[in-house]
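Rule-based calculations on the coordinates, nothing more; no lab input. Only a predicted model underlies this, so the values are computations on that prediction, with no experimental measurement involved. Because the Cβ atoms are built from the backbone with ideal geometry, glycine has one as well, and the counts that use them run over all protein chains shown.
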Amino acid sequence: MKKSKKNSLAAAGMILVLLLAGVIFFFTYYQVDEVQVMGGSHYSEKQIKKMVLRGPLASNSVLAPLLYTKQNTKDVPFVDGYTVTRFNRHTICVSVKEKDIVGCIPYLDSYIYFDRNGVFVEGSTERNEKIPFFDGIILNEKLPIKDETVMNTAVALSTIFSKNDKVPDHIEFGDDGQISLVYGDITVKLGKDEYLEDKMTRVLAILPLISGKKGILHAENVNDNSKTITLEQEQDENQNSE
């Protein structure tokens, strides 16, 4: 009986040793040494890694895809979900699916971010410089956007800006439908929502040529028959005093 009991304990001990060795081998063999990030523009790679890969099991390339993939995120602004996949036993990839944000508007002491349907997406006290900032598209401090036409124009402009890196500092819609863009000391007058693509193509080509100047760039009259854009330059006060 004693010998049988000793044999059982020895067998159990051996099993525990083998299990422990297997666990150590599993976590060592599939140790994550590299994390790649795809699809994120609102957050840096470091921020994404920190918000997604939380916990010790994130360092295992087999368990991380199973435990950290999340399709619905309520705790992460601007992000719909993210997927963790394994490239090889030492490398995983975090693919981020961001919310479809067209622009932001000032509202009380915050910024309201909205999608192409004019639906509220996120609110934040901080301005994201990569997202177009629109002014003059809400009525009397109320959140609802003026009308569908203004919303369509905002979406069209946001689509144009997404094709290049020249997002204006400020976008304003006048009560008469006139659109103004602010790029530093240059105000671009686009006029109404007509020939926007053509207007912006010419404006974006001209902006680098007038860098350092102040004034108003008039593009209101660009159409199929006219491509003329003029700069109403503002004279520097120091130059006038001389």
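Before moving on, here are some points about what is shown:
- Rounded to the nearest 500, the 222 nm mean residue ellipticity of the chain from helices alone is -9500 deg cm²/dmol, with -39,500 (n - 2.57) taken per DSSP H run of at least 4 residues.
- Rounded to 5, percent antiparallel among DSSP beta bridges of the chain: 75 percent
- A Cβ-based charge dipole, computed about the Cα centre of the chain with Lys and Arg at +1 and Asp and Glu at -1, lands at about 2920 debye.
- For Gln36 and Asn225, a Förster radius of 41 Å and the Cβ-Cβ distance give a FRET efficiency of 0.20, rounded to the nearest 0.05.
- For the chain, averaging the sequence separation of C-alpha pairs within contact (under 8 Å, six or more residues apart) and dividing by the residue count gives a relative contact order of 10 percent.
- Lys/Arg +1, Asp/Glu -1 at C-beta; the stretch 147-211 dipole; positive extreme among Ser162, Ile210, Tyr195: Ile210
- Computing Kirkwood radius over Cα pairs in Å directly from the structure and comparing it against (1) 22.3; (2) 18.8; (3) 19.9 singles out (1).
- The alpha-carbon atoms of the stretch 12-55, seen along their principal axes, cover 53, 16, 12 angstrom, with the largest extent given first.
- Net length gained if the chain between Arg54 and Gln178 were fully extended (0.36 nm per residue, minus Cα distance): 39.8 nm
- Pairwise FRET efficiency - Phe87 versus Ile24, Cβ, R0 = 22 Å, nearest 0.05: 0.40
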